[in-house]
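Following: one structure in structure tokens, then a few remarks.
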Amino acid sequence: MKEINLLPEHIAFDYRFYVIKRVAIFLVVFNIIWLFAFYFVGSYFNGFLENKLKERTVYLHNIKRLNGEFNRYRKQYVAMKKKYRRLQEEIAYYKKLKVIHRSAFADSVVFINSFRKGVAFSSVSYKDGHFDITGLAASRKTFQLFYKELDDNPYVFDLKFYYLKRNKNGNTYMFKISYAVEFKW
């Protein structure tokens, strides 16, 4: 059976038109909501990316600043290295200029300060700051202490030990040593 609509056509209810109208309104509202959602999500990501860009810009600025400081320190390092090398060469030059002051009086003072109880000298010869000594020691220990004191003396150089022999009487020891006295300034 067919529906009969007695209303005039311009007033009559058209179901197809009603559905099309509802779908069109739904699509317009859905597009508006969809556009707002895209707008807010885009705004959020845009703000997020701008913050990241600002952070990266600050980070890049800091790297450039540190690079500038590094270059300045590198230049100072190179300058200091050159200065250090020059000073090392100066030190080497001055070390070559070893000044030795020879004085018979000063050498004699060192010689006299080397006297020790239990050690006697039988012959002493001196020439240009160099002593040759033969003598007697009461015991080995006494001679060892005497020799150690000479070895520890900062003005005594080229200390040589020749011999330490027991005397015929058996209670003393004969020795022979030589050393040089140098005052370095």
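Quick note: the coordinates plus some simple rules give every number you see, no bench work behind them. Quantities reported herein were computed from a predicted structural model and do not represent experimental measurements. All Cβ positions, even for glycine, are placed from backbone atoms using ideal geometry, and neighbour counts span all protein chains on display.
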#### Entry: Size descriptor, Kirkwood hydrodynamic radius, that averages inverse alpha-carbon separations across region 1-97, Å
22.2
### Message
Students often forget the sequence filter, so: which lysines lie under 28 Å Cα-Cα from Lys64 once same-chain residues fewer than 8 apart are removed?
### Response
Lys52, Lys54, Lys75, Lys81, Lys82
### Task
Would you please name the trypsin sites (Lys or Arg not before Pro) within region 130-185 that are DSSP coil residues with at most 12 other C-beta atoms within 10 Å of their C-beta?
Lys168
### Task
Provide the gained length on full extension for the span Tyr163 to Arg22, in nm with one decimal, where the gain is 0.36 nm per separating residue minus the Cα-Cα distance.
37.9 nm
### Cα-based equivalent ellipsoid, region 115-157: semi-axes from gyration tensor eigenvalues, Å
18, 15, 6
## Note on the structure
Highest mean packing first, using Cβ neighbours within 10 angstrom, the peptides 123-134, 70-81 sort as 123-134, 70-81
#### Entry: Computed magnitude of the charge dipole of region 1-97 (debye, nearest 20; Cβ of K, R +1, Cβ of D, E -1)
1760
